[in-house]
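Below is one structure. I have some questions about it.
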Amino acid sequence: MAEKIPGKDAEKKLPWVHTAISNLKRELLGKYHNVKDDYLQSYLNEYCYKVNRRYFGEQLFERVVLAAVEQPWYGTKKTLLFWRRVIYLKYLLVSRGNLLY
């Protein structure tokens, strides 16, 4: 069962919640001029996606490509094989020092 936290203790027990909410509000106000209720879930999904992937760094390209081709509506077996070859070739070039991230 969830614990109810009084308002005066919320800052101590949940400091990142306030930061995340204020960052979300700042992003919505900065990027979108007219936020509608119909699309609010899409805005929240985009924000969560960005927050969860902020530390991927060098692996971002490979993870995005694999996620795209492994979804049934994006990739066929042929495209999956193609992108796996691309990732493997990039790995070979990076490991030999011929390509920098």
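The values are calculated or read from the model by the stated rules, or taken from the named source; none is laboratory data. Small disclaimer: the values here were computed from a predicted structure and weren't measured. In this analysis, Cβ positions are derived from the backbone assuming ideal geometry, glycine residues included, and neighbour counts consider all displayed protein chains.
Among the candidates 93, 44, 100, 80, which residue alone is at pLDDT 75 or above and of a type outside the set (Gly, Ala, Ser)? I'd like the intermediate steps shown before the answer.
Values: 93 fails: at pLDDT 75 or above; 100 fails: at pLDDT 75 or above; 80 fails: at pLDDT 75 or above.
Criteria check complete, one pass: 44.
Let me ask you something else. What's the total number of residues in segment 7-62 that are over 30 Å from residue 95 (Cβ atoms) and part of a helix (DSSP H, G or I)?
Residues in segment 7-62 being over 30 Å from residue 95 (Cβ atoms) and part of a helix (DSSP H, G or I): 37 in total.
Let me ask another. Checking residue 35 against (1) touching a Leu at 6+ places or on another chain (Cβ under 6 Å); (2) at pLDDT 85 or above, only one condition comes out false. Which one?
Tallying (1) touching a Leu at 6+ places or on another chain (Cβ under 6 Å); (2) at pLDDT 85 or above, residue 35 fails exactly one: (2).
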